[in-house]
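Reading through the structure tokens given below for one structure.
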Amino acid sequence: MTAILPAKSVADRLTTLFWRKPKLLLILLITPPLLWLGVVYLGSLAALLMQSFYSIDEFSGMVIPEFTLKTYAELLRPQNYDVIFRTLLMSAAVTLGCAILGFPIAYYAARFARGRWKAVFYLGIMLPLWSSYLVKVYAWKLILAKEGIITWAAEATHTSGILNAILSLPGIGGGSLSTSYIGMFLVFVYVWLPYMILPMQASLERVPTSMLEASADLGATRAQTFRTVILPLALPGVIAGSIFTFSLTMGDYIIPQIVGNSANFIGMAVYQLQGTAGNIPLAAAFAVIPILIMLVYLWIAKRMGAFDAL
Amino acid sequence: MSIAVEFRAVSRHFGPASAPVRAVDAVDLTIAEGAFFAMLGPSGSGKTTCLRLISGFESPTAGEICIFGENVSNTPPHLRNVNTVFQDYALFPHMNVRDNVAYGLMVKGMPRSQRYAKAEEMLALVHLDAYGSRKPAQLSGGQRQRVALARALVNEPRVLLLDEPLGALDLKLREAMQDELKSLQQRLGITFVFVTHDQHEALSMADSLAVFNEGKIAQIGTPAEIYNHPKSRFVADFVGSSNVLPPALTKQLGGPEKWASLRPESLRLDATGPLRGTVTAIRYLGAGHRITLTTHGTDIAAILPAGHPLPETGSTIALGFDATALHIMDQA
């Protein structure tokens, strides 16, 4: 009798082993990225958390590596409340702005754009992301400046009155768009919009046409279909997008420095504390706030049933 | 009896006007009130487009569609008193079964307690009383099908449209649902319009059916009429896979020189029979055998009931039939 199976090479033995024990292959493949995620990603976050429980020696400026809540007590001073509250409000406004502006675009792209128009859509969304962030922000500063194109256009079309009325709004107005909260809001919406559109588009694309037809068939108007079918099914995408825009706005420290009235934001505070002030523990404590806010935000979203359609 | 649905020279073309795809091409059709009407045809024959024209998801390129005498050609779907059971059921995944069924009542503004009571009533009708709080994802295919049915029926439509509703079910479940749909239709007295590509389903359930081919109605009539007296080769071939005999062969068998159809089950082994040929295949069907015979270049299928002695593949045999079984067709 001769052997039916050919002689096995080392590679054959290995593939046989993996075929018999599929989990072994999975473990081999997944371990390096898991190590990266565990050690580098979450590990550094843990180190950050730890730093926030240290304190700084006021005379020597050295970090005292002992557990204390002193830094958090320092964080909860009234002037820091302002920074946190301002950042939170701006993040919420930017998220809302991105959602309102992004939804129709995402809806069009998901439902109607085909072939070439789909490519144009992706290019239009992604192209601004490819250029330097700093260049974009400085370009916006020029656009929004008192001598910029918007002021010029308003004068040329005799609509300066409208612009001035907007700028004289209490709290969010200012000398010019580039030195007001309105200007900062516009720049934030511009830079983070793609992060809102792409997840929304992905979730809208998963809503089958027959579901919209079923809604109309059962007597729903377009507005009712939008409210009771499209929006709930797109909600996971909206939430995913809002996580991006919200957390990106909360952590940003460049836009508030370049555009706006130089009021302090969380990102700026962290930047100053770890740089010029050298107060790493307080910087770390500040950095924990966005994480906590995001966790609360996700918890509320889950309670409201945002992930039921997943 | 009044007319539930009427098509007057209805066409639906897709694509450019210069070279249109005629999905539905000048179709005239009347469906009587209370009928169980089937639209049968291969895929791409226009049957589903016809259904979508009734529901309002397509609007006619030409012609008029009337539902109970009212011209609805320009009426949007949500204002038509018809409801659809979709092929993929299209249940709302974020709502539980009760809310799915009550959806049509909800958008019309019926108070919650009232619409839930009606929804439960409908769920009982389709034997899903205890499933109101479940999500569609927790149901089996057959249960989803029933929810889709209840969701459509709760609106008390005058016409219920069913788009291949049993296509996704396995054989046993499909047969059970066929019986159930039929009895439901008889109890409620609602006009059912049913799209299918399965001729057995159409023949066994409908009391009247239209066979579609390339955007036109090839034949319309009762199942028995269509099965026994197909008008064209297409109908004979598509409905019940009949043997289609070319004119020359018909003549040889004693008929006029026209296309004819001959049902496989009307043939029997008969040494003196006129159909002589070589057996090329024998297939076991359970209740009998299907043998294929080649004669004068034409393949003829015959179904022999179990218990008969079987010829061997390659042998020459003769088949006989009653003269009445040979059906002469008017059209080619």
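Points worth noting:
- A full extension of the chain between B:LEU173 and B:LEU310 corresponds to an added length of 46.0 nm, given 0.36 nm per residue minus the alpha carbon distance.
- For B:ALA26, nonlocal amide neighbours, meaning residues 5 or more places apart or on other chains whose placed amide H falls under 5 Å from its own, are B:SER11, B:ARG12.
- Buried solvent-accessible surface, both chains (A, B), 1.4 Å probe, Å² to nearest 100: 1800 Å²
- Of the chymotrypsin sites (Phe, Trp or Tyr not before Pro) found in segment A:87-131, those that fall in a DSSP loop while having at most 13 other beta-carbon atoms within 10 Å are A:PHE112.
- Largest mean-square fluctuation among B:PRO16, B:PRO136, B:PRO60, in a Gaussian network model of chain B whose springs join Cα atoms under 10 Å apart, belongs to B:PRO16.
- A:PHE185, B:PHE86, ranked by accessible area, largest first (probe 1.4 Å): A:PHE185, B:PHE86
- FRET efficiency, 1/(1 + (r/R0)^6) with R0 41 Å, evaluated for A:THR221 and B:ASP330 via beta carbons: 0.25
- Longest DSSP-loop-exposure-free segment, GluC sites (Glu not before Pro), chain B, at most 13 other Cβ within 10 Å: B:1-256
- Measuring r between the beta carbons of A:LYS118 and B:SER59 and using R0 = 35 Å, the FRET efficiency lands at 0.85.
- Translational diffusion of segment B:141-281 was estimated from the Stokes-Einstein equation, with Rh taken as the Kirkwood radius over Cα pairs; at 4 °C and 1.567 mPa s the coefficient is 73 µm²/s.
- The alpha carbon convex hull volume per residue for the protein assembly as shown rounds to 304 Å³.
- Count Lys and Arg as plus one, Asp and Glu as minus one, and take only other residues whose Cβ is under 15 Å from that of A:PHE226; the net charge is then +2.
- Inter-part distance where segment A:85-117 and segment B:198-253 are each reduced to a Cα centre, Å: 55 Å
- Loop-exposed GluC sites (Glu not before Pro) per DSSP, neighbour cap 10 Cβ within 10 angstrom, longest uninterrupted part of chain A: A:148-310
- Gyration tensor verdict on chain A (Cα atoms; rounded if a/c is under 1.5, prolate if a/b is larger than b/c, oblate otherwise): oblate
- Segment B:3-234: relative contact order in percent, alpha carbon pairs under 8 Å with at least 6 residues between: 28 percent
- Take the Cβ atoms of A:TYR72 and B:ASP207, set R0 to 60 Å, and the FRET efficiency comes out at 0.15.
- Segment A:219-263 and segment B:274-332 have their alpha-carbon centroids 70 Å apart.
- Partners for B:LYS118 among lysines (Cα-Cα distance below 24 Å; same-chain residues under 8 apart left out): B:LYS108, B:LYS135, B:LYS182
- Once backbone amide H atoms are built at 1.01 Å from N, B:LEU245 has B:ALA260, B:SER261, B:LEU262 as its partners under 5 Å, excluding neighbours fewer than 5 places away on the same chain.
- By the Kirkwood approach, averaging reciprocal distances over each pair of separate Cα atoms, segment B:234-279 gets a hydrodynamic radius of 11.5 Å.
- Interchain or long-range residues, amide H under 5 Å from A:ILE56's placed H: A:ILE64
- Vicinal HN-Hα couplings computed from phi for segment A:15-28 (Karplus, 6.51 cos²θ - 1.76 cosθ + 1.60; Hz; Gly/Pro x): 5, 5, 4, 5, 5, 6, 10, x, 5, 4, 5, 4, 4, 4
- Placing a label point 7 Å from the Cα of A:ASN261 along the Cα-to-Cβ direction, the residues of segment A:135-176 whose backbone N falls under 11 Å from that point are A:168-176.
- Rg and Dmax of segment B:3-234, both derived from C-alpha coordinates alone, stand at 17.8, 56 Å.
- Of all aspartates and glutamates in the structure, not one has an alpha carbon short of 17 Å from that of A:LYS8, not counting any fewer than 8 places away in one chain.
- Extension gain for A:TYR253 to A:VAL39 (0.36 nm times residue separation, less C-alpha to C-alpha distance): 74.4 nm.
- Where labels lie 7 Å past Cα in the beta-carbon direction, separation of A:GLN79 and A:LEU17 in nm: 6.4 nm
The values are calculated or read from the model by the stated rules, or taken from the named source; none is laboratory data. Just so you know, these numbers come straight off a predicted model, no measurement behind them. With ideal geometry, Cβ positions are generated from the backbone for all residues, glycine too; neighbour counts draw on all protein chains shown. Heavy atoms of the whole protein, side chains included, go into the accessibility calculation; ligands, DNA and RNA do not. Shrake-Rupley method; radii C 1.70, N 1.55, O 1.52, S 1.80 Å.
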